[in-house]
Structures are given as C-alpha cells and as structure tokens.
Amino acid sequence: MHQAFLKLAGGVALALASGAASAHWTTTDLEVAGVIQEMPGPMARCASKFGGTITGHGNSSPLGRVAFVASDCITPNGPIFNFDRGRFIIMTQSGDQLFADYSGQFVPTGQGTNYAFSGASFQIVGGTGRYMFASGGGQLLGGEDMVTGAGNITLKGRISYWAR
C-alpha cells in the first residue's frame, strides 16, 4: 500500500511539473464591484430563521466580468441588521468559481431606506479550476435599499491563487 501511494504521489508530482512550466502561485489585489438584488425571507439554516439570497453581476480585477450568488443569515438588532454565515460564489466567464465566507452589519445611512455595510469582511475559502486552492480576504463595501433590495457591492482585498 505504501509503495502504491508513493507511485501515485510521484505520478501526480510529475504531471503537475510537466504542465506547470508556465504556471505559478500568485498573490495580487482583488476588487469585485457590481450591482446586487437581495431577496430576504425564511432560511432554515439560520438561528434567526431569516436570511437573504443575493444575485448580481459586475467587473473584477483580476477576474474580469463576473456573476455572483450569495446567501446569509440576518438578525435584526434595533435599526441595525447583523448578517453572518454568509456564503459567496463568484463565477468567471471561463467557468471558474471563487468561494468566500462573509459577515458584518447593515446600518442606516439616514437617507430613506438606504443601508450601508459596516464592519463587513470576506474570507476566500477556495474555488474551482485555477481558484481551487485560493485564499485571501478583505472588506465588503456598498449598500442597498432595504425596501427594494437593489444595491451595489464591492469586495476589496487580496487573493492568492494558481495562475496559468
């Protein structure tokens, strides 16, 4: 069994080395900016039994055009909404996906039903394709109208991934 494992590991290493001549691990700034639409409602996985589902699209450096989906748990606290257990999937035009967890607060801006992110952050936890072992994180910026669910979002931070 031990020899079979060593042969398999050696074969994988050889395959990676032969196909990785132009590939390398890279760390760079990450910014994803786009428009969102949130639909709040019942969510069984949340302690509050209430959450939000977000869809959106935008542009990113270095990812290019992206679409994204997300969901989180929402707990009202007076005029503030805490959100946690957030899961973000960012999809690139090539089909690769980037996964991130997020949490923070929505606070009133004082302008109608507009709220802004406060103390919100994300942590990259992997993905698919070139982002399979991605890591990194940063801040969530933006806001939304709590009545319509329409808003904007910016993820700003750093990402490390296998670049081809």
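The values are calculated or read from the model by the stated rules, or taken from the named source; none is laboratory data. Note that the structure is a prediction, hence the values are computed from the model and not measured. Positions of Cβ are backbone-derived with ideal geometry, glycine not excepted, and every protein chain shown enters the neighbour counts.
Is it the case that segment 88-102 has a residue that's in contact with an Asp or Glu (Cβ under 6 Å, 6 or more places away or on another chain) and surrounded by 15 or more Cβ atoms within 10 Å (Cβ to Cβ)? Let's see the steps before the verdict.
Taking segment 88-102 first, the residues in contact with an Asp or Glu (Cβ under 6 Å, 6 or more places away or on another chain) are none.
No, segment 88-102 contains no residue that is in contact with an Asp or Glu (Cβ under 6 Å, 6 or more places away or on another chain) and surrounded by 15 or more Cβ atoms within 10 Å (Cβ to Cβ).
Of the residues making up segment 62-79, none is crowded, with 20+ Cβ neighbours inside 10 Å and touching a residue at least 40 places away in the same chain (Cβ under 8 Å). No other residue among G136, G142 is touching a residue at least 40 places away in the same chain (Cβ under 8 Å), surrounded by 16 or more Cβ atoms within 10 Å (Cβ to Cβ), touching a Ser or Thr at 6+ places or on another chain (Cβ under 6 Å) and over 19 Å from I36 (Cα atoms) apart from G136. Whether any residue in segment 107-121 is buried (at least 18 other Cβ atoms within 10 Å of the Cβ) and among the aromatic types (F, W, Y) is what I want to check. Yes. Among the residues of segment 28-42, those identified as modelled with pLDDT of 95 or more and surrounded by 13 or more Cβ atoms within 10 Å (Cβ to Cβ) are L30, E31, V32, A33, G34, V35, I36, Q37, E38.
Among the conditions (1) at pLDDT 95 or above; (2) surrounded by 17 or more Cβ atoms within 10 Å (Cβ to Cβ); (3) under 23 Å from R164 (Cβ atoms), C46 misses just one, which is (3).
Only residues that are assigned to a loop (DSSP other than H, G, I, E, B) and touching a residue at least 40 places away in the same chain (Cβ under 8 Å) were counted across segment 145-155, and they come to 2. Of note, R158 does not satisfy the criterion of being surrounded by 16 or more Cβ atoms within 10 Å (Cβ to Cβ) and over 18 Å from A70 (Cα atoms).
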